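*Asks:* Here you go, one structure.
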Amino acid sequence: MKKTRTDYVINFLIGTFLTIICLLFLYPIVHVLAASFSDPMQLMNHRGLLFKPTGFSLDGYEAVMQNKGLWTGYGNTIFYVLAGTFVNMVFTIVAAYVLSRKGWRLKKQITFFIVFTMYFTGGIIPNFLLVKGLGILNSRLALILPNAIATWNLLVLRTGFASVPESLIEAPKIDGANEWQIMWKVVVPVSKASIAVILLFYAVGHWNSWFNAMVYLPSARDLYPLQLYLREILISNADVAAGDNTINYIGELVKYCAIIVSTVPILCIYPFVQKYFVQGVMMGSIKE
Amino acid sequence: MSLKADFRRNSWLYWMIIPIVIYYVVFMYIPMFGQIIAFQDYRPSRGILGSDWAGLENFIDFFSSPFATRVIKNTIIIALNEIIFGFPAPIILALLLNELTCQTYKRTLQTISYIPHFISLVVMCGIIIDFVSSDGVITTILSYFGFEEQNLLAQSKYFVPIYVISGIWKEIGWGSIIYLASLSGVDQNLYEAAAIDGAGRWQRLLHVTLPALIPIISIQLIMRVGNIMSAGAEKIILLYSPAVYESADTIASYVYRAGIQEQSYSLAAAVGMFNSVINLCLVFFANWFSRKFVEESLW
């Protein structure tokens, strides 16, 4: 297609507009990063945009390092990410594999039985009472079992498994392999990409989750994940280190540092894994 | 083939799916039926089986309380704002990105636009609270335009705009992925043909690009409509305060307060049930509507 002069002008305008939009995406992150290295007194008096630290100090990071809650939370979150994602993956792989197989009679009914829960759920109160009734309230299991499968991820993985050629599955079957063996030895190894996708979805979900912990761990503060401690620091305005008077004047600073410390792991792996996430969204959009 | 023969032939598949079915029964279907406490005067000490029946009392209590109109109104207002402003935003971003000719530039912009999606809700709300506080960066900038320097989140009238705009910031890039994927599937010959027929840029957008997006837009809209009534309970709970309940308290946040904080389980379950039934109806309606008028549907 030939380009006219108007085309170039329009392209230029669109490019400029999008660049501004992108700077808006990045700005909050830049602001928080700059603020976290600032001098606490200068930061308190600072108004408006911030592109580089005003003054320089590491006082905020020092206070964060000494904040026990945050590190307890860090440890707990790592546990929930590892254990939770492991349980998620085992359940989701098995479910997705069975649902992706053809030729068993109840496939349609069981698929409906599972998909229906995406549209109609019990809601927060019955879920809470169930967790309480099972006796896992205030225990780590409460953050792992009730969410063992995210139906959306299950459907994404099923789509991935369904694209494995039938011949790959039939051959070992003739050699006498059972479905369990075929799943782990044939289908899972050739579906590494889709498995990576939902593994990342689950892991990020655990890392960022806080609501279930707030509801299911009402009196188990030592089991709180990182996000709940963060909520105390950022939102409930709890004193970061109660009893210490000097803390108030670096309170603002500590918030920024806590954000950076808790978000850095996600931002570090982000560039390497973002293409998997994108893949996942596209797989989820394939309708059968 | 009889069911029994099928069980025998595919016994491995059935053994594998049994734990999954048990999981869904325990963690999805039991709570679904657990909503029956909405019709009871549920006492934890007596359990579901031992509690007295209350008929529609909990529903009547809710609808005759001053909270009912407030939370229903707020839920609808927030949802409509999200659909009117939040829904088209990623489509517009995708269309603009699609106009870029330099692929590297396009990819860079895309990658940056996804980042906010991965930032946790707690962190995002912490940043919002800081930015719109009385000495926050957004408040300061707005004060140049004549706004008062005050905590914007403590003002009822600003809650919905803050909620919707921050939501767009977080999800616009991520939401655009799906539309960009559809756009990359559009046959380039269609554009050439349209150009030869004398279609300008704007006409190509209207007659080639947009029609290609209609199916995916419909599907996304159905899912969106189905979730209208459950609009972001988590984010509301993080952002609101009693000062702004007037415009910020929604059905979901009310259920949380009534049920989890005040332990009026039956009342909260009744409100939650009302909510999920409406949601289900909306999904069915949207699906029917879409199938009828744009011939696209979820099922």
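*Asks:* Of the cross-linked pairs A:102/A:132; A:185/B:4; A:102/B:235, which ones have a Cα-Cα span greater than 32 Å in the structure shown?
*Replies:* A:102/A:132; A:102/B:235
*Asks:* If you keep only loop residues by DSSP, which GluC sites (Glu not before Pro) in region B:215-276 have at most 14 other Cβ atoms within 10 Å of their Cβ?
*Replies:* B:262
*Asks:* Something else now. Top to bottom by accessible area (1.4 Å), largest first, where do A:167, B:134 land?
*Replies:* The ordering from most to least exposed comes out as A:167, B:134.
*Asks:* Can you list the equivalent-ellipsoid semi-axes of chain B, largest first and in whole Å, using the square root of 5 times each Cα gyration tensor eigenvalue?
*Replies:* Each semi-axis is √(5λ); the values are 39, 33, 18 Å.
*Asks:* If you count only protein heavy atoms and use a 1.4 Å probe, how large is the accessible surface of residue A:79, to the nearest 10 Å²?
*Replies:* That residue has around 80 Å² of solvent-accessible surface.
*Asks:* Largest first and in whole Å, give the semi-axes of the protein assembly as shown's equivalent ellipsoid, each being the square root of 5 times a Cα gyration tensor eigenvalue.
*Replies:* Computed over the protein assembly as shown, the values are 38, 35, 26 Å.
*Asks:* Once you average over the residues of A:111-120, how many Cβ atoms of partner chains fall within 10 Å of each Cβ?
*Replies:* Partner-chain Cβ atoms within 10 Å, mean over residues of A:111-120: 5.
*Asks:* Relative contact order, percent, of chain B when contacts are C-alpha pairs under 8 Å separated by at least 6 residues?
*Replies:* After rounding, I find 25 percent.
*Asks:* Could you tell me the relative contact order of region B:40-137? Use alpha-carbon pairs under 8 Å, at least six residues apart, and round to a whole percent.
*Replies:* For region B:40-137, the relative contact order is 10 percent.
*Asks:* Where the Cα atoms of region A:5-57 are projected onto their three principal axes, how long is each span, largest first, in whole Å?
*Replies:* 53, 15, 12
*Asks:* Continuing with the same structure: Once the Cα atoms of region B:5-139 are picked out, what are the Rg and Dmax in Å?
*Replies:* Every Cα atom of region B:5-139 included, Rg and Dmax give 25.3, 73 Å.
*Asks:* Residue A:7 accessible area, nearest 10 Å², 1.4 Å probe?
*Replies:* 20 Å²
*Asks:* Towards the positive end of the charge dipole of region B:132-193, with charges on Cβ (+1 Lys, Arg; -1 Asp, Glu), say which of B:174, B:141, B:158 has the farthest Cα.
*Replies:* Checking the options against the dipole of region B:132-193, the answer is B:158.
*Asks:* Here is a further query. Taking the alpha-carbon distance from residue B:73 and a cut-off under 19 Å, which aspartates and glutamates remain once sequence neighbours fewer than 8 residues away in the same chain are dropped?
*Replies:* Leaving aside aspartates and glutamates fewer than 8 places away in the same chain, those within reach of residue B:73 are B:61, B:82, B:234, B:246, B:249.
*Asks:* Another question, if that's okay. Can you give the mean number of other chain Cβ atoms that lie within 10 Å of the Cβ atoms in peptide A:88-101?
*Replies:* Taking the mean over all residues of the peptide, I get 3.
*Asks:* Indicate the helices, whole DSSP H runs only, in chain B that combine a mean Kyte-Doolittle hydropathy of 1.0 or more with a Cα extent along their long axis of 18 angstrom or more.
*Replies:* B:11-24, B:210-226, B:265-293
*Asks:* How high is the relative contact order of chain A, in percent, counting Cα pairs under 8 Å that sit 6 or more residues apart?
*Replies:* The normalised contact order for chain A reaches 29 percent.
*Asks:* Would you please calculate the Kirkwood hydrodynamic radius of region B:25-102 over all C-alpha pairs and express it in Å, rounded to one decimal?
*Replies:* So the Kirkwood estimate lands at 16.8 Å.
*Asks:* Return the long-range amide H neighbours of residue B:40 (sequence gap of 5 or more, or a different chain), with a cut-off of under 5 Å between placed amide H atoms.
*Replies:* B:54
*Asks:* Which order do you get for B:36, B:172, B:20 if you rank them by accessible area with a 1.4 Å probe, largest at the top?
*Replies:* B:36, B:172, B:20
*Asks:* Aspartates and glutamates near residue A:173 by alpha-carbon distance under 12 Å, same-chain residues fewer than 8 away left out - which ones?
*Replies:* Leaving aside aspartates and glutamates fewer than 8 places away in the same chain, none come within reach of residue A:173.
*Asks:* If I model a spin label as a point 7 Å beyond the Cα along the Cα-Cβ vector, how far apart are those points for residue A:163 and residue B:102 in nm?
*Replies:* 3.1 nm
*Asks:* Also, quick follow-up: Given a 1.4 Å probe and heavy atoms of the protein chains only, how would you sort B:159, A:91, B:59, largest accessible area at the top?
*Replies:* Output order, biggest surface exposure first: A:91, B:59, B:159.
*Asks:* Looking at chain B as a GNM with Cα springs under 10 Å, which of B:156, B:120, B:276 has the largest mean-square fluctuation?
*Replies:* Comparing B:156, B:120, B:276 in the GNM, the peak value goes to B:120.
*Asks:* Then there's this: How many partner chain Cβ atoms sit within 10 Å of a residue's Cβ in peptide A:28-35, on average, as a whole number?
*Replies:* Average neighbour count from other chains, rounded to a whole number: 4.
*Asks:* In chain A, what is the volume of the convex hull around the alpha carbon atoms, normalised per residue and reported in Å³?
*Replies:* Per residue, the Cα convex hull of chain A comes to 204 Å³.
*Asks:* So how exposed is residue B:12, as accessible area in Å² (1.4 Å probe, rounded to 10)?
*Replies:* Counting only protein heavy atoms, residue B:12 exposes about 110 Å² to solvent.
*Asks:* Moving on to the next point. Check the straight Cα-Cα distances from residue A:68 and name the lysines below 16 Å, setting aside those fewer than 8 residues away within the same chain.
*Replies:* A:255
*Asks:* Still on this structure: What ranking, highest mean first, results for peptides B:195-201, A:134-140, B:93-99 when packing means the other Cβ atoms within 10 Å averaged over each residue?
*Replies:* The peptides rank, most packed first, as B:93-99, A:134-140, B:195-201.
The values are calculated or read from the model by the stated rules, or taken from the named source; none is laboratory data. All values reported here derive from a predicted model rather than from experimental measurement. Cβ: placed from backbone, ideal geometry, glycine included. Neighbour counts: every protein chain shown. Ligands, DNA and RNA are stripped out before the accessible areas are found, and what is left, the full protein with its side chains, is counted by its heavy atoms. Shrake-Rupley method; radii C 1.70, N 1.55, O 1.52, S 1.80 Å.
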